[in-house]
Amino acid sequence: MFSVNDHNRDAWDELARQQVPLARPAGEKEFAKPQFIINPFGWVDFEVRGRKVLCLAAGGGKHSALFAAAGAETTVVDISPQMLDLDRKIASDRGFKINVVEASMDNLAVLPEAHFDLVVQPVSTCYVPSVGPVYREVARVTAPGGLYISQHKQPANLQASLRVSPLGYTLLEPYYRSGPLPPVPTGSALRESGTLEFMHRWDELLGGLCRAGFVIEDTFEPRHGDSAGAPGSFGHRCWFIPPYFAVKARRKTSAPVAKKIVLA
Ligand SMILES: C[S@@+](CC[C@H](N)C(=O)[O-])C[C@H]1O[C@@H](n2cnc3c(N)ncnc32)[C@H](O)[C@@H]1O
């Protein structure tokens, strides 16, 4: 039977074999300035040394290695064995202790409840059909008061054409849609070819966090736009369509989880 997770596992294994930029472990540059990866928005307001950190859907030997180097008790979860091999290799090369877990972000049953002080998730919710189960699982494993810092592809980024026409970028996909997005050609810096990607609406991305038991404390849109970029280039498209956003959410300590309003 067809499974999105099986498909994306194979696709990311292949991307890891190809050593695409997202599958490159931390090098000397990153170890010299780890804050660009472990605290890029200045939202981690405590010393990570000795704290329990989950790097979710973050295989590739970058996040896990830098948190481990900073003294955090580090776990990395990813669906791709090849991506996780990069975490294992850097841990062994540098003598770090990293707990490496092969699992899907929407089923973290192997991880204990209320355990992590910090969960960081690089852009990756686009690889699951529904973001709700991911948030519920993260809420379950995050300690009360713990932080969940995640990054996502903005809906418009996934709706719009990659190519520019004389009229600009075209809105190709409806906002209210389901199922995987059409495949993209190789070589796009905005999409990962071979993977199945899904668009999530703002209500799902932000409201979903609140309904899972988090309070949103801040958001950020990383700037990649280049007003002077050549039409069709990464910088030019990002000048018109912000590609990503980041959200800082804190696990509620006691209040009951809100229920979604269903209009009759
Ligand atoms: C953008 S990469 C993130 C890490 C990357 N090393 C970096 O430098 O930011 C996205 C990751 O999500 C993983 N992934 C895709 N689907 C997943 C799923 N259902 N559960 C867990 N991880 C998944 C991929 O294997 C890939 O390693």
Among the residues of the stretch 159-176, is there at least one that is touching a Leu at 6+ places or on another chain (Cβ under 7 Å), touching a residue at least 12 places away in the same chain (Cβ under 8 Å), within 30 Å of Ser254 (Cβ to Cβ) and not basic (Lys, Arg)?
no
Of the criteria (1) crowded, with 16+ Cβ neighbours inside 10 Å; (2) away from the ligand (no atom under 15 Å from the Cβ); (3) assigned to a helix (DSSP H, G or I), which one Ser92 fails
(1)
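Scan the strands (runs of 3 or more DSSP E) fully inside the stretch 98-174 and keep the ones with 3 or more residues being open to solvent by 10 Å² or more (accessible area, probe 1.4 Å).
Qualifying strands (runs of 3 or more DSSP E): 98-102, 142-153, 160-165, 168-171.
Take Leu108 and decide whether it is among the hydrophobic types (A, V, I, L, M, F, W, C), at pLDDT 95 or above and within 12 Å of the ligand (Cβ to nearest atom). If you could, list the steps in order and put the result at the bottom.
On the way: among the hydrophobic types (A, V, I, L, M, F, W, C): yes; at pLDDT 95 or above: yes; within 12 Å of the ligand (Cβ to nearest atom): yes.
Yes.
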As an exercise: evaluate Thr75 against (1) hydroxyl-bearing (Ser, Thr, Tyr); (2) closer than 27 Å to Trp202 by Cα; (3) within 15 Å of the ligand (Cβ to nearest atom); (4) in contact with a strand residue (DSSP E or B) (Cβ under 7 Å, 6 or more places away or on another chain) and give the number of the one condition it does not meet.
(2)
Could you list, in sequence order, the residues of the stretch 179-205 that are open to solvent by 50 Å² or more (accessible area, probe 1.4 Å) and modelled with pLDDT of 95 or more?
Pro180, Arg201, Trp202, Asp203, Glu204
Looking at (1) within 11 Å of the ligand (Cβ to nearest atom); (2) part of a helix (DSSP H, G or I); (3) over 14 Å from the mean Cα position of the chain (by Cα), which is the only condition Thr195 fails?
(2)
Per the filter on the stretch 41-61, residues under 19 Å from Phe116 (Cα atoms) and within 16 Å of the ligand (Cβ to nearest atom) are Val53, Leu54, Cys55, Leu56, Ala57, Ala58, Gly59
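The values are calculated or read from the model by the stated rules, or taken from the named source; none is laboratory data. In this text, all values refer to a predicted model and were calculated from it rather than measured experimentally. Heads up, the Cβs are rebuilt from the backbone with ideal geometry, glycines too, and the neighbour counts pull from every protein chain shown. Remember, those area values only see protein heavy atoms, side chains included, never the ligands or the DNA or RNA. Shrake-Rupley method; radii C 1.70, N 1.55, O 1.52, S 1.80 Å.
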